[in-house]
Amino acid sequence: MISDFALLLSQEGITLAHRTAGGWVSLGHVPLMDKQFSDRLAELQSKGHEIAGDRFMTRIVLPDDQIKYLSLPHSDDDSRDAAIKEALERETPYLQDELAFDWEDGDDGLKVAAVARDTLHEAEDFAVQHGFNPVCFVAAPDDIQFSVEPFFGMSDWSTVNLPEQTEPEAELVKVRLDSTLPATPVALNDDEFEEDPEPEEPQGEIESPLQVLRPSLGPASRSAPEGDAAQSL
């Protein structure tokens, strides 16, 4: 099962991207500070349904500030996972079973990408709430960090709604800066998704998939008080 849509999350906003013959193109971006955040997300979701109908599903692309990247020495097959888990527990404030990770074996050693499972749950809850049908969790780092798509597993939504698993892909979700949709029979109005030069302050609390996500996977510091900055990812 391959999804041709990606939901890119960031501290700035939400982007829905669509895979075309020319690469990944943006269907629209909604800033977190948009005063009509939920309504704009609904319009963005409608674009995906106009293109794919009932087959509209997204890969959740997590921002790099939610991911811990490590470089480790080569390990043999029998000890690789144990070495990665030990390194992650040493370098983050999380226990082994609290993290999801992927790795790539390169010329200079192992490249590891890891994310807190709490982050995955929070991102999925947000995507499901707004009808983006999330199938899996991935990242799109610079090639110097990872040359293929780091894959953090399937979503709970997919295990209930899909008959088959989504496979990791070699292609990173990189949205072209000059991306425009090719001509289609579907009338898509991209103008309504242009970001205002000076977005107005939203009324009430900002709704965001990142409200409880930690800012980055930092050094381990379990002795710090709960909520302390040293406990952030």
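The values are calculated or read from the model by the stated rules, or taken from the named source; none is laboratory data. In this text, all values refer to a predicted model and were calculated from it rather than measured experimentally. Cβ: placed from backbone, ideal geometry, glycine included. Neighbour counts: every protein chain shown. Note: areas computed on protein heavy atoms with side chains; ligands, DNA, RNA excluded. Shrake-Rupley method; radii C 1.70, N 1.55, O 1.52, S 1.80 Å.
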- Message: With the crude spin-label approximation of a point 7 Å out along Cα→Cβ, what separation in nm comes out for ILE144 versus ARG117?
- Response: 3.4 nm
- Item | FRET efficiency, ASP125 to ASP54 (Cβ-Cβ, R0 22 Å, nearest 0.05) | 0.50
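Just reorder ILE67, ILE144 by solvent-accessible area, largest first, 1.4 Å probe, all chains present.
Numbers: ILE67 10, ILE144 140 Å².
Reading off the accessible areas and sorting them downward yields ILE144, ILE67.
Leaving ligands, DNA and RNA out of it, rank ILE2, ILE84 by accessible area with a 1.4 Å probe, largest first.
Reading off the accessible areas and sorting them downward yields ILE2, ILE84.
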- Treating every alpha carbon of segment 1-146 as one equal point scatterer without solvent, the Debye formula yields log10 I(q)/I(0) values at q = 0.16, 0.21 Å⁻¹ of -0.90, -1.25
- Taking all protein chains together and a probe of 1.4 Å, list ARG117, ARG19, ARG90 from the most accessible to the least accessible. ARG90, ARG117, ARG19
- Evaluate the distance, in nm, between pseudo-label points positioned 7 Å from the Cα of GLN36 and of ILE2 along their respective Cα→Cβ axes. 3.6 nm
- Task: For GLU169, list long-range residues whose amide hydrogen, built 1.01 Å from N in the peptide plane, is under 5 Å from its own amide hydrogen.
- Result: GLU149
- Task: Could you tell me what percent of the accessible area of segment 84-123 is made up of carbon and sulfur, with a 1.4 Å probe and every protein chain present?
- Result: 36 percent
- FRET efficiency estimate (nearest 0.05) - Cβ-Cβ, LYS174 to GLU86, R0 30 angstrom: 0.40
- Within the set LYS47/LYS68; LYS35/LYS174; LYS68/LYS174, which residue pairs have Cα atoms separated by over 30 Å? LYS47/LYS68
- Query: For the residue pair GLU98 and THR159, what label-to-label distance in nm results when each label sits 7 Å from Cα along the Cα-to-beta-carbon direction?
  - Reply: 2.1 nm
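Can you give the accessible area per residue of segment 1-52, in Å², using a 1.4 Å probe?
Numbers: 1920 Å² over 52 residues.
Each residue of segment 1-52 exposes 37 Å² on average to a 1.4 Å probe.
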- Message: Can you compute 3J(HN,Hα) from phi for each residue in segment 107-118, using the Karplus curve 6.51 cos²θ - 1.76 cosθ + 1.60 with θ = phi - 60°, rounded to whole Hz and x for Gly and Pro?
- Response: 5, 9, x, 7, 10, 10, 10, 9, 8, 5, 5, 4
